[in-house]
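Asks: Can you read through this structure? Questions will come right after.
The values are calculated or read from the model by the stated rules, or taken from the named source; none is laboratory data. Because the structure is a prediction, the values reported are computed rather than measured. Neighbour counts run over all protein chains shown; Cβ positions are idealised from the backbone, glycine included. The area values use the complete protein model at the heavy-atom level, side chains included, leaving out ligands, DNA and RNA. Shrake-Rupley method; radii C 1.70, N 1.55, O 1.52, S 1.80 Å.
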Amino acid sequence: MTIVDIHPHIVSPDTDRYPITPIGGKRSDWSADHGITFDQLVAAMDAAGVDKAAIVHSSTTYGFTCDYVADAIVGHEDRFTGVFSVNVLEPDGPKWMQHWVNKGLSGMRIFARGSTIKDAWLAIDDPRIFPCYEYASEHGISMASNVTVDKFDQLENVLKRFPGMTFILDHLGKTDFTDCGNYDAARPLWDLAKYPNLYLKVATRNFEQSLDPETLFPKLVAEFGANRMAWGSNYPASEGTLPELLAKARNGLRALSDDDRDWVLGKTALTLYPALAQGEAVAS
């Protein structure tokens, strides 16, 4: 099987060529303390047995300037693609989307909140973003966001208004899975499963925080289907080596069938980022 990571990050030590301009003005601790270069990511993937990756531009390092990811993947398009960010509230958002697509990046992410931005700086159903969603729909760009469960009403508005756009929910939206077994507290997430354009990014924190992976991940598959779930390491922001993070994912998915596990660890990613699927056979 092909193993694909849809959420690693890279950071350059060359701050003259790639200035530090974090979204919100505060740089993430991980990028300053233990960020990795593209070459280090390649070495980590080789050590872990990760075949391909969609490298997610670090908004908490570079804001909306995605040059490092764009430059890094040049000549490595058989193994890598990039996920860019733009200021979606500005009228020129679609123009910048085209700019990064022309640079070889094939996915997009809206970083709504995080370790450096406690409160969301936008509503993902803000009409000012609609031209960007329209562009993504028309050009087959998967749109990821770390929108959280308290904003799922906004997410549902987007899913309904743009059924032709593929949307990837980062980190399972910080959904509450603490009531192991029935998972009634996760109802806001289950209610979104009816939208076929919604995909789930299952990241390292989801495996770390799962109290009962033997029931949680089969439940996620039952609701969404393994072909709408994809693994993202969040390396190196998540603590551990890439081999350790992949092992954690494999262990968390141990209750799934081999076929379902193959979808989560690779095959779904190839459908989300077709640029990575060159030379790959992806069953429907």
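Asks: Hey, among the residues in segment 103-149 that are in a loop (DSSP other than H, G, I, E, B) and of a type in the set (Phe, Trp, Tyr), which one's nearest to Met165 (Cα to Cα)?
Replies: Among those residues, the one meeting the criterion is Phe111.
Asks: With the requirement that a residue be within 10 Å of Trp231 (Cα to Cα) and in contact (Cβ under 8 Å) with a residue 60 or more places away in the chain, what does segment 243-259 give you?
Replies: Result: Leu246, single match.
Asks: Let me ask something else about it. Out of all the residues in segment 199-218, which are of a type in the set (Ser, Thr, Tyr) and open to solvent by 30 Å² or more (accessible area, probe 1.4 Å)?
Replies: Listed by number, the residues that qualify are Tyr199, Thr215.
Asks: Still on this structure, I have one more. Which one of the conditions (1) open to solvent by 30 Å² or more (accessible area, probe 1.4 Å); (2) under 25 Å from Trp30 (Cα atoms); (3) in contact (Cβ under 8 Å) with a residue 24 or more places away in the chain does Asp262 fail to meet, given that it meets all the rest?
Replies: (2)
Asks: For segment 91-116, which positions are of a type in the set (Val, Ile, Thr) and open to solvent by less than 20 Å² (accessible area, probe 1.4 Å)?
Replies: Within segment 91-116, just Ile110 meets the criteria.
Asks: Can I ask one more? Note down all Cβ pairs under 8 Å where the first residue falls in segment 116-128 and is aromatic (Phe, Trp, Tyr), the second is outside any loop (DSSP other than H, G, I, E, B) and open to solvent by 40 Å² or more (accessible area, probe 1.4 Å), and they're at least six residues apart or on different chains.
Replies: Trp121/Gly24
Asks: Restricting to segment 78-105, name every residue that is in contact with a helix residue (DSSP H, G or I) (Cβ under 6 Å, 6 or more places away or on another chain) and aromatic (Phe, Trp, Tyr).
Replies: Once the filter is applied, which keeps residues that are in contact with a helix residue (DSSP H, G or I) (Cβ under 6 Å, 6 or more places away or on another chain) and aromatic (Phe, Trp, Tyr), segment 78-105 yields only Phe84.
Asks: Restricting to segment 205-237, count the residues that are over 17 Å from the mean Cα position of the chain (by Cα) and of a type in the set (Lys, Arg).
Replies: 1
Asks: Let me ask something else. Could you please give the count of residues in segment 142-198 that are open to solvent by 60 Å² or more (accessible area, probe 1.4 Å) and in contact with a strand residue (DSSP E or B) (Cβ under 6 Å, 6 or more places away or on another chain)?
Replies: Adding up the residues that qualify gives 0.
Asks: Another question, then. Can you confirm whether Gly75 is surrounded by fewer than 16 Cβ atoms within 10 Å (Cβ to Cβ) and modelled with pLDDT of 95 or more?
Replies: yes
Asks: Looking at segment 229-242, can you tell me whether even one residue there is among the charged types (D, E, K, R), touching a residue at least 12 places away in the same chain (Cβ under 8 Å), open to solvent by 10 Å² or more (accessible area, probe 1.4 Å) and over 18 Å from Val149 (Cα atoms)?
Replies: No, every residue in segment 229-242 fails to be among the charged types (D, E, K, R), touching a residue at least 12 places away in the same chain (Cβ under 8 Å), open to solvent by 10 Å² or more (accessible area, probe 1.4 Å) and over 18 Å from Val149 (Cα atoms).
Asks: What's the number of the only condition in (1) assigned to a helix (DSSP H, G or I); (2) open to solvent by 10 Å² or more (accessible area, probe 1.4 Å); (3) closer than 18 Å to Val56 by Cβ that Leu246 fails to meet?
Replies: (2) is the only condition that Leu246 fails.
Asks: A further question follows. Go through segment 41-60 and give me each residue that's open to solvent by less than 10 Å² (accessible area, probe 1.4 Å), in contact (Cβ under 8 Å) with a residue 60 or more places away in the chain and assigned to a loop (DSSP other than H, G, I, E, B).
Replies: Val50, the sole residue that qualifies.
Asks: In this structure, is Tyr135 aromatic (Phe, Trp, Tyr), open to solvent by less than 30 Å² (accessible area, probe 1.4 Å) and free of Cβ contacts under 8 Å to residues at least 40 places away in the same chain?
Replies: No.
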